[in-house]
Structure formats: structure tokens, C-alpha cells
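Working notes, structure below.
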Amino acid sequence: MLKTILAHAVFVLSGMYLTFFLIDRVNPAMNFINNGITKALLLLLCLCAVILALFAAAERRARTRRIARNKRPRY
């Protein structure tokens, strides 16, 4: 459940940040990139991405261990 929420949060925040970047390139006077809210959103995006990566690594490690355990010879 949390992994799904984080994946969606990363997707939405990435889209928002790309939109802010493009709008800022077209009209620098709007100052979207050098804004406190945008910096907070970037921090949130980074934290969500790191946590999601940790979940993915833990899941992969558990799957690898489970496969190795199932391949052991049984006497």
C-alpha cells in the first residue's frame, strides 16, 4: 500500500516539477524554480524516490533470498 502511494507521489511530483521547469524557462519572471514551495516539493520528491528505491531493493533482496532458499538441496 505504502509503496503504491509513494510510486504515485513520485509520478505526480515529477510531473509538477517538470511543469514548473518548463513554465520558468518560458517566463522567468514567474520565478517557479527559485521558490520556497518548489524547493519543498523537490525535497519531498527526493525523499519519496529514496524511500521507494529502498522498498524496491528490499523486495528484490527478499525475492533473491527466497529463490536461493528454494534451490537448496533437501535431504
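Laboratory data are not the source of any read-out in this text; all were calculated from the coordinates shown. Predicted, not measured: the structure shown is a model, and the values here were computed from it. Please note: Cβ atoms are built from the backbone with ideal geometry, for glycine as well, and neighbour counts cover all protein chains shown.
For the chain, the longest principal axis of the alpha carbon atoms and the long axis of helix 36-71 meet at an angle near 10°. Backbone phi angles across segment 19-33, fed through the Karplus curve with coefficients 6.51, -1.76 and 1.60 (θ = phi - 60°), yield HN-Hα couplings of 5, 4, 4, 5, 5, 5, 5, 6, 9, x, 5, 6, 6, 6, 6 Hz in residue order; Gly and Pro are listed as x. Label-to-label distance for A29 and K3 is 4.9 nm, based on points extended 7 Å past Cα in the beta-carbon direction. In percent, rounded to a whole number, the relative contact order of the chain is 37, using alpha-carbon pairs under 8 Å and six or more apart.
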